[in-house]
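*Asks:* Before I ask anything, here is the structure I am working with.
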Amino acid sequence: MSERTEELRAFYGEHRIADQLRFYSSRRTLFDRATGQVMALAAVILGSATAAGALGGTDVGPTWLWPVLATVLPAAAAAVTAYSTLYAFEQQSKIYADAIRAVRAAARPDPATSAAARSAEKDAAEWVQRSEAVFRQEQAQWGQLTSQIRFPEDNGR
């Protein structure tokens, strides 16, 4: 392998591939954490609603408050869940996880062509092409995600 090809592989590997993998990993972690936080918050709110419903049949504390909380808290849990759905935390995490797997797979040589049949330059060029194809595909996923968003009907306005 020529020195120039080796420099290209090292530069591209560090400044394009590794940098992109770090970005994908940090975003995936962020969205995984957001998903977990939303689920935990909804569980706490629903648990509180259950407790308020149970306390509604007792004479503990302000008796007027328990039925109000038993009614309002499930709506708050639904709002938190709707917020999570609106921002598609779980879907975004999956898109980043898929991109990480695809970039790592693109780094492996194509088994269809033998190592002896290709030059180091051609191998490097194929690696760059496979990697860039993954990046284009990842960008296309965002278009699919946004196309799933439903807007309310205009009703003649």
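*Asks:* Which ³J(HN,Hα) values, rounded to whole Hz and listed in residue order, are derived for the range 23-40 from phi using the Karplus coefficients 6.51, -1.76 and 1.60 in 6.51 cos²θ - 1.76 cosθ + 1.60 with θ = phi - 60°, glycine and proline given as x?
*Replies:* Whole-Hz 3J(HN,Hα) from phi for the range 23-40: 4, 4, 5, 5, 5, 4, 4, 4, 6, 5, 5, 5, 4, x, 5, 5, 5, 5.
*Asks:* Run through the range 1-72 and list the chymotrypsin sites (Phe, Trp or Tyr not before Pro) located in a DSSP loop whose Cβ has at most 10 other Cβ atoms within 10 Å.
*Replies:* Working: sites: 11, 12, 23, 24, 31, 64; in loops: 64.
For chymotrypsin sites (Phe, Trp or Tyr not before Pro) across the range 1-72 that sit outside H, G, I, E and B with at most 10 neighbouring Cβ atoms in 10 Å, the list reads 64.
*Asks:* Please give the Cα centre distance for the range 76-91 versus the range 1-67, rounded to the nearest Å.
*Replies:* 12 Å
*Asks:* List, in order, the whole-Hz ³J(HN,Hα) value for each residue of the range 76-86 obtained from phi through the Karplus relation with A = 6.51, B = -1.76, C = 1.60 and θ = phi - 60°; use x for Gly and Pro.
*Replies:* So the Karplus estimates, Gly and Pro as x, are 5, 5, 5, 5, 5, 5, 5, 4, 4, 5, 4 Hz.
Values quoted throughout were computed directly from the atomic coordinates according to the rules given, and no laboratory measurement underlies them. Since this is a predicted model, take the numbers as computed values, not measurements. A quick note on method: Cβ atoms are made from the backbone with ideal geometry, for glycine too, and the neighbour counts reach across all protein chains shown.
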